[in-house]
Amino acid sequence: MTVYYGDICVGSIACRVERVSATTVKLYIMTFGILAPYRRLGIGAKLMGHILDVCHKNATVLEIYLHVQTNNEEALAFYRNFGFEVREKIENYYTDIEPPDCYLLVKELSRILKGRNTT
Ligand SMILES: CC(C)(COP(=O)(O)OP(=O)(O)OC[C@H]1O[C@@H](n2cnc3c(N)ncnc32)[C@H](O)[C@@H]1OP(=O)(O)O)[C@@H](O)C(=O)NCCC(=O)NCCS
Ligand SMILES: *[C@@H]1O[C@H](CO)[C@@H](O)[C@H](O)[C@H]1NC(C)=O
């Protein structure tokens, strides 16, 4: 999915649906980025809000998860706002960037409050 501001493509998100059981799935966020001059304008939050909305409405989605480089303070602050939590630190996850370590961030969707929780 891509986001436009006028004619300019300012952001994109790529997700993958992974089957967990016959009736449940997890959503893996593969890439998520807003073009640098357009950051801190709420565009990323709007896009993430849309993803969460879609997931909350679909009871088959148990959780959303992703990997973030350990030094990516912006992204960590961003995801924390949406209730993502660090599940574990994975060393040497990346082979082509420094530092090579990442955090596994997970947001579990509460199915008890289905349709009522906002984030
Ligand atoms: C992470 C990213 C997607 C955020 O997108 P964005 O459109 O700038 O985010 P928003 O403007 O919607 O920010 C929402 C909130 O997240 C937090 N946040 C976002 N950027 C932040 C930063 N640089 N420092 C601290 N907090 C930040 C803030 O709480 C912010 O709310 P506020 O602006 O009212 O304080 C963007 O910084 C980005 O594209 N980074 C590079 C790519 C990347 O690292 N992707 C994630 C790994 S896949
Ligand atoms: C919920 O998500 C699953 C898995 O992606 C999909 O097959 C199904 O069509 C979705 N249901 C609704 C109502 O969108």
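Laboratory data are not the source of any read-out in this text; all were calculated from the coordinates shown. Because the structure is a prediction, the values reported are computed rather than measured. Quick reminder, even Gly has a Cβ in these numbers, built from the backbone with ideal geometry, and neighbours come from all protein chains shown.
Helix content alone sets the calculated 222 nm mean residue ellipticity of the chain: runs of n ≥ 4 DSSP H residues at -39500 (n - 2.57) each, divided across all residues, give -6500 deg cm²/dmol.
Each label was represented as a point 7 Å from its Cα along the Cα-to-Cβ direction; for Thr31 and Thr2 these points are 1.1 nm apart.
Spin-label model, Glu74 to Ala59: label points 7 Å out along the Cα-to-beta-carbon direction sit 4.0 nm apart. Close lysine pairs were tallied over the chain: pairs 8 or more places apart or on different chains with Cα atoms under 19 Å apart number 8. Label zone of Arg111 (point 7 Å out along Cα→Cβ, amide N under 17 Å): in segment 55-86 this covers 55-65. With only the Cα atoms considered, segment 1-62 has a convex hull volume of 78 Å³ per residue.
Taking max minus min of the alpha-carbon positions on each principal axis, the chain gives extents of 40, 38, 23 Å, largest first.
Over the chain, what relative contact order in percent results from Cα pairs under 8 Å that are six or more residues apart?
Over the chain, the number comes to 22 percent.
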